[in-house]
1. Restricting the search to region 210-234, which residues are basic (Lys, Arg) and either open to solvent by less than 10 Å² (accessible area, probe 1.4 Å) or under 16 Å from the mean Cα position of the chain (by Cα) (or both)?
2. Would you check which residues across region 215-235 are closer than 22 Å to Pro42 by Cβ and touching a Ser or Thr at 6+ places or on another chain (Cβ under 9 Å) and list them?
3. In this structure, does Gly44 turn out to be in contact with a strand residue (DSSP E or B) (Cβ under 8 Å, 6 or more places away or on another chain), at positive phi and open to solvent by less than 60 Å² (accessible area, probe 1.4 Å)?
4. Does any residue of region 135-152 turn out to be assigned to a loop (DSSP other than H, G, I, E, B), farther than 14 Å from Ile116 by Cβ and not polar (S, T, N, Q)?
5. I need the full set of residues from region 85-104 which are touching a residue at least 40 places away in the same chain (Cβ under 8 Å) and farther than 17 Å from Ala5 by Cβ, in order please.
6. Looking only at region 58-80, filter to residues that are over 18 Å from the mean Cα position of the chain (by Cα) and under 24 Å from Asn126 (Cα atoms); which one of those is most open to solvent (accessible area, probe 1.4 Å)?
Amino acid sequence: MSVDAHFHCWQLARGDYGWLNSSLTPIYRDVAISDWQAQSAPHGVTGGVLVQAAPTEAETDFLLAQADANPCVLGVVGWTDLAAAHAPARIQHLARHPRLKGLRPMLQDIDDAEWILQPDLAPALNTLIDCDLVFDALVTPRHLPHLLTLAARYPGLRIVVDHASKPNIAGNEWQPWADDIARLASKTDAFCKLSGLLTEAGPTPSPSVVHPWAKHVLHCFGADRLVWGSDWPVLELSSTYAQWWAATETLLTPLDKQPQLAVMDTNARRLYRLPPASRT
């Protein structure tokens with residue numbers, strides 16, 4: 001049994017996916033929960049965390065409706081404007097839905113790498129803590145030093161770094177990413193998602209290309225703070241669900257069964273407060 005801690009669905013006609021356009025041919029289509037199940041179920045994935053792809057509350061409502069209709073959606077990571085004066089009230093409102101497990105500001109698309117550190121966001125971030133919601137950090141390597149500051153400033157904030165901060169694997173930019181991600185892992189309690197790496201490796205990369213990068217985050221965060229996700233269907237820009245699954249198996253094969261299970265299932269349940277796996 002496994003949990004996919006990061007996947008998406010969308011309907012193009014909703015019209016709020018600013019980044020998703022016809023130039024992204026492999027994924028420029030409607031994607032339903034059933035489409036994800038067709039990819040994930042053959043590998044023993046029994047549930048997943050549905051993650052926002054548009055910076056609107058309308059999309060968050062759409063994702064929560066998908067969760068209501070599909071029991072395999074164990075949790076939702078949504079969005080609200082953390083800089084809005086009413087952000088604390090909106091976070092409290094969203095948190096009343098039992099499937100809302102976290103929020104994700106799209107920091108990668110904000111020019112100011114230190115945006116998340118502005119004092120005006122303190123009420124929203126403290127409300128995230130009060131509501132026991134996860135802060136999904138959609139960042140690039142330039143944000144890592146500022147995430148370290150964020151974690152020190154808000155020690156109760158549960159942070160997970162999406163896609164290992166999207167290192168530039170295609171450009172082989174190992175540093176300063178490698179040192180910065182190691183520092184974040186050693187000095188904070190943050191989790192890291194083992195996801196999105198093949199997309200950063202260029203078009204149709206060999207899965208072996210990402211192995212050193214994946215091995216590094218496994219070494220830094222350990223099997224107790226690494227969380228597997230597919231990032232499907234964005235994954236299809238460079239690879240397939242089956243190929244990423246196989247690459248992950250290669251990475252985790254040297255580990256004992258319990259650490260493998262942690263990365264592929266129990267860490268996601270612990271991070272996002274998901275229900276325990278059913279035993280039949």
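The values are calculated or read from the model by the stated rules, or taken from the named source; none is laboratory data. Worth saying up front: this structure is predicted, and the values here are computed from it rather than measured. FYI the Cβ positions are ideal-geometry reconstructions off the backbone, even for glycines, and counts take in every protein chain you see. Please note that ligands, DNA and RNA were not included when accessible areas were found on the heavy atoms of the full protein model with its side chains. Shrake-Rupley method; radii C 1.70, N 1.55, O 1.52, S 1.80 Å.
1. Within region 210-234, the subset basic (Lys, Arg) is 215, 225.
Arg225 - this is the single residue of region 210-234 that is basic (Lys, Arg) and either open to solvent by less than 10 Å² (accessible area, probe 1.4 Å) or under 16 Å from the mean Cα position of the chain (by Cα) (or both).
2. Listed by number, the residues that qualify are Val227, Trp228, Gly229, Ser230, Asp231, Trp232, Val234, Leu235.
3. Working: in contact with a strand residue (DSSP E or B) (Cβ under 8 Å, 6 or more places away or on another chain): yes; at positive phi: yes; open to solvent by less than 60 Å² (accessible area, probe 1.4 Å): yes.
For Gly44, the condition - in contact with a strand residue (DSSP E or B) (Cβ under 8 Å, 6 or more places away or on another chain), at positive phi and open to solvent by less than 60 Å² (accessible area, probe 1.4 Å) - is met.
4. The answer is no; no qualifying residue exists.
5. Listed by number, the residues that qualify are Ala87, Ile91.
6. Among those residues, the one meeting the criterion is Asp61.
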